[in-house]
1. Quick one: of the DSSP bridges fully inside the chain, what percent are antiparallel, nearest 5?
2. Please list the non-local residues whose amide H lies under 5 Å from the amide H of M88, H modeled 1.01 Å from N, same-chain partners needing a gap of 5 or more.
3. Between helix 48-61 and the chain, what is the angle of the helix's C-alpha long axis to the longest principal axis, kept within 0 to 90° and rounded to the nearest 10?
4. Given 0.36 nm per residue, what is the gain on full extension from N128 to L145 after removing their alpha carbon distance, in nm?
5. Note down the nm distance, to one decimal, between modelled labels 7 Å out along Cα→Cβ at E105 and at D190.
6. May I ask you to evaluate 6.51 cos²θ - 1.76 cosθ + 1.60, the Karplus curve with θ = phi - 60°, for each residue of the stretch 127-134 and list the ³J(HN,Hα) values in order in whole Hz, giving x for glycine and proline?
7. How high is the FRET efficiency between T24 and T97 when r is their beta carbon distance and R₀ equals 35 Å, given to the nearest 0.05?
8. On C-alpha positions alone, give me the angle between the axis of helix 92-102 and the longest principal axis of the chain, in degrees, nearest 10.
Amino acid sequence: MSTCQAKFKADEPQLESAVNNRKTVPVGGFAKRVFDVAFSFVAILSTLPFFIVLPAIVMVVSPGPIFFAHTRIGYGGMPFPCLKFRTMVPNADQLLTEYLASNPEAQAEWDQHRKLKNDPRIIPFVGNLMRRLSFDELPQFFNVLRGEMSVVGPRPLTLDEVKDYGEAARRYKAARPGITGLWQVSGRSDISFRDRIDLDCRYVATCNLTSDIQLIARTISVLLNGRGAY
């Protein structure tokens, strides 16, 4: 039995019901959804200048699309386009494949964290700055309004990552993925993929509105600190 399963076995029936029956309410229920919509409206209105300035800078430094929509897996296992301001060069996927193939140390780092501290795909300066402050994730508030994400929840997973979650994937699929969450306040990219799985399981098992508000407050402190952001 994995660490995730051992820690949170008690709530298995409720979580399996949420995953297997899409008519059920995602973890957090109606109150969480109301909070998500209200918070996202306020967040979008208060950050409108960034929606003008950041795309303009990206277009000047790295011609190409302003937004990047990457397919992630959401509640009930449904895929959705997770929105971001583009922080990588247009040929990022090809560049990553070539870089990992020629750099065993980078491949090992990628296998452990699914992140690279010195990622050759990042747009110089502006890309790193946006990722450090998580400004690239501002468009995800529109994903929240569309019901595809929550303000707080598990880290959005790709299809390959969901497969690597094994049995823990059932817990992940019982909630909407979040813009922030336990992963973001617990070290971000400095923690291992295995630890990230346990954090997602812990969040799903203990989710409530009070803890969501506390995680949002902790996120602000983490963003200012910048630790683990790359």
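1. Around 80 percent antiparallel, to the nearest 5.
2. Those qualifying (amide H under 5 Å, at least 5 residues apart or on another chain) are I123.
3. It is inclined by approximately 50 degrees.
4. My answer for the length gained is 3.4 nm.
5. Inter-label distance under the simple model: 2.0 nm.
6. x, 5, 5, 4, 6, 4, 9, 6
7. With a Förster radius of 35 Å, E is 0.35.
8. That works out to roughly 90 degrees.
Laboratory data are not the source of any read-out in this text; all were calculated from the coordinates shown. From a predicted model like this one, the values you see are computed outputs, not experimental measurements. Note: ideal-geometry Cβ built from the backbone for every residue, glycine included; neighbour counts use all protein chains shown.
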